[in-house]
Amino acid sequence: MKTLFRPAITLFALLSAVTGIVYPAAVTGIAKMLFPAQAEGSLIVENGKPVGSRLIGQNFTDPKYFWGRPSATGPMPYNASASNGSNQGPLNPALKDAVKARIDALKASDPTQTAPIPVDLVTASGSGLDPQISPAAARWQAPRIARIRGLSEAAVSKLIEAHTEGRQFGLLGEPRVNVLTLNLALDRLGKP
């Protein structure tokens with residue numbers, strides 16, 4: 001029996017070192033060499049300080065900013081440690097109530113806006129962390145932002161177009177706008 005313990009413990013220690021230390025260190029080192037920004041969390045830095053990540057949405061509630069897709073990570077929105085879907089089906093009354101409350105909040109934020117509200121402004125994503133919205137969702141919010149910031153709608157629309165990312169590799173996904181980068185560009189315009 002003792003003859004079995006020594007090789008088993010030696011093999012356990014060796015495999016633990018390889019899979020727990022050597023392999024993760026090698027993969028991290030290679031990632032930092034080939035993809036330095038992504039390996040560090042795709043952080044966005046303004047004035048030498050990290051302000052967020054390109055990969056995780058932020059909770060913008062001030063009407064002078066673009067709002068992102070609702071987060072299902074309650075009670076704190078966009079909490080990566082609580083990332084999950086709401087798992088509410090289309091027949092669930094709680095989903096209907098949540099969507100109605102979001103529609104009411106959007107209409108209250110801009111009573112003059114009569115266009116149909118894009119679905120991604122009233123439904124949460126599977127992860128609850130989406131950093132992007134559709135260009136239609138950004139354009140829907142443009143009149144409110146232009147009015148509050150004293151900008152022309154054309155200037156806000158131009159900003160949206162400049163921050164619209166196309167399909168990945170030209171065919172995967174849908175066009176999208178990163179809310180954080182759009183709001184940072186909006187702040188750089190200098191209006192309130």
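Here are some notes:
- MRE, 222 nm, helices only [DSSP H, n ≥ 4, -39500 (n - 2.57), over the chain, to nearest 500]: -13500 deg cm²/dmol
- Close amide H pairs (under 5 Å, H built 1.01 Å from N) link Ser53 with Ile44, residues at least 5 positions away or on another chain.
- Extension gain, Lys2 back to Leu43 (0.36 nm per residue minus Cα-Cα distance, nm): 9.5 nm
- The residue list Ala138, Pro77, Phe66 was ranked by how far each Cα lies along the charge dipole of the chain toward its positive end, using unit charges on Cβ atoms, and Pro77 comes out on top.
- Length released on extending from Lys158 to Ala115, taking residue separation times 0.36 nm less the Cα-Cα span: 13.5 nm
- Evaluating 6.51 cos²θ - 1.76 cosθ + 1.60 at θ = phi - 60° for every residue in the range 108-123, the Karplus couplings come out as 5, 6, 8, x, 7, 6, 10, 5, x, 7, x, 4, 6, 8, 10, 10 Hz, glycine and proline recorded as x.
- Cα-centre dipole for the chain with unit charges at Cβ (Lys and Arg positive, Asp and Glu negative), debye to 20: 180
- Lysine pair count for the chain with Cα-Cα distance under 28 Å and sequence separation of 8 or more or different chains is 13.
- Between Lys107 and Gln168, the contour length at 0.36 nm per residue exceeds the alpha carbon distance by 18.7 nm.
- For Phe60, nonlocal amide neighbours, meaning residues 5 or more places apart or on other chains whose placed amide H falls under 5 Å from its own, are Gly68.
- Rounded Å value of the spacing that divides the Cα centres of the range 95-152 and the range 16-63: 29
- The amide H of Ser125, built 1.01 Å from its N in the peptide plane, has Ala72, Asp130 as neighbours under 5 Å, considering only residues 5 or more places off or on other chains.
- Packing rank of 22-31, 180-189, where each peptide gets the mean count of other beta carbons within 10 Å, highest leading: 180-189, 22-31
- Here the 3J(HN,Hα) profile of the range 22-37, calculated from phi with Karplus coefficients 6.51, -1.76 and 1.60 at θ = phi - 60°, is 5, 4, x, 5, 5, 5, 5, x, 5, 4, 5, 6, 7, 9, x, 5 Hz, Gly and Pro shown as x.
Only the coordinates and a few stated rules stand behind these numbers; no lab work does. What you are looking at is a predicted structure, and each value in this text was computed from that prediction instead of being measured. When we count neighbours, we look across all protein chains shown, and the Cβ atoms used for this are built from the backbone with ideal geometry, even at glycine.
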